[in-house]
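**Student:** Mind looking over this structure? Questions follow.
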Amino acid sequence: QFLMHYGSAVISCMLWTSVLMSGVMCVVYFVAGAWMMGILFILFTVCAYLYSNAVKERIPFASSNLRTACIGVKHFSPKLPLVAAGALVAQCLWILIWAVAFLGFRASPNADNPLAYFLMLVSFYWGCLVVVNVVHVATAGAVATWW
C-alpha cells in the first residue's frame, strides 16, 4: 500500500539517499586517512548526483510503473510472500552449508591454493544468486499471468 501511494517520493528519496551516502562515505574515508578511497567516493558521489538530476523527469513514469507492479503483486499476495520467505530460509541454509564447507576447506591440505578460494567464493555468490533469481522468476511469472 505504501509504495502504491508514495512511489514517487520513495524513488526520489532513494536517488538522493544514494548521493548522500556516497558523500558520507567519502568523508569517512578522508577522515580515516584512506585518500584513494575518498577520491573514489568523490567520483561515486558526483556520478550519483548527475544521475539523480538526469532522471528527475522520469520519476513520475517510474512511479506509475511501480504502482502497476504493486497491483500485480498484490493480486498474488498470499503466495508470493511465501515464496520470498521460503527463499530467505533457503538462502540462510545455503550460507550455513557453504560456511561449513569453507571451514572444512580451510582445514584441508589445499588451503593455500588461491584458485580454490576464488572458486569457493564463486560458488557462494552463485548459490545466493540462484535463490534470488528463483524469486525473481516466480514474481515475474505471476505478474505476467496477471497481466
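The values are calculated or read from the model by the stated rules, or taken from the named source; none is laboratory data. Nothing here was measured: the structure is a model prediction, and the numbers come from that model. Backbone-built Cβ (ideal geometry, glycine too); neighbour counts: all protein chains shown. Keep in mind that these areas ignore ligands, DNA and RNA; they rest on the heavy atoms of the full protein, side chains included. Shrake-Rupley method; radii C 1.70, N 1.55, O 1.52, S 1.80 Å.
**Student:** Quick one: compute the contact order of the chain, relative version, from alpha carbon pairs under 8 angstrom and 6+ residues apart, as a percent.
**Tutor:** Relative contact order of the chain: 26 percent.
**Student:** Taking R0 as 22 Å, what's the FRET efficiency between residue 99 and residue 130 from their Cβ-Cβ distance, rounded to 0.05?
**Tutor:** 0.80
**Student:** Now for a different question. Pop the C-beta distance of residue 107 and residue 137 into the FRET formula with R0 = 41 Å and round what comes out to the nearest 0.05.
**Tutor:** Step by step, r from the Cβ atoms, then E = 0.65.
**Student:** Across the Cα atoms of the chain, what radius of gyration and what greatest pairwise Cα-Cα distance (Dmax) are found, in Å?
**Tutor:** For the chain, the Cα-based Rg and Dmax read 20.9, 58 Å.
**Student:** Assign one of three labels to region 77-146, namely rounded, prolate or oblate, based on the Cα gyration tensor with a ≥ b ≥ c the square roots of its eigenvalues; rounded applies when a/c is under 1.5, prolate when it is not and a/b is larger than b/c, and oblate otherwise.
**Tutor:** It comes out oblate by the Cα gyration axes.
**Student:** Using a 1.4 Å probe and ignoring any ligands, DNA or RNA, find the accessible area of residue 16 and quote it in Å² to the nearest 10.
**Tutor:** 90 Å²
**Student:** Ordering 58, 106 by how much accessible area each has at a 1.4 Å probe, largest first, what is the list?
**Tutor:** The ranking, largest first, comes out as 58, 106.
**Student:** With a ≥ b ≥ c taken as the square roots of the eigenvalues of the C-alpha gyration tensor of region 22-83, please select rounded if a/c is under 1.5 and otherwise prolate if a/b is larger than b/c or oblate if it is not?
**Tutor:** Taking the square roots of the gyration eigenvalues as a ≥ b ≥ c, region 22-83 is oblate.
**Student:** Just to verify a number: FRET efficiency for residue 62 and residue 115, C-beta to C-beta distance, R0 = 41 Å, to 0.05?
**Tutor:** 0.45
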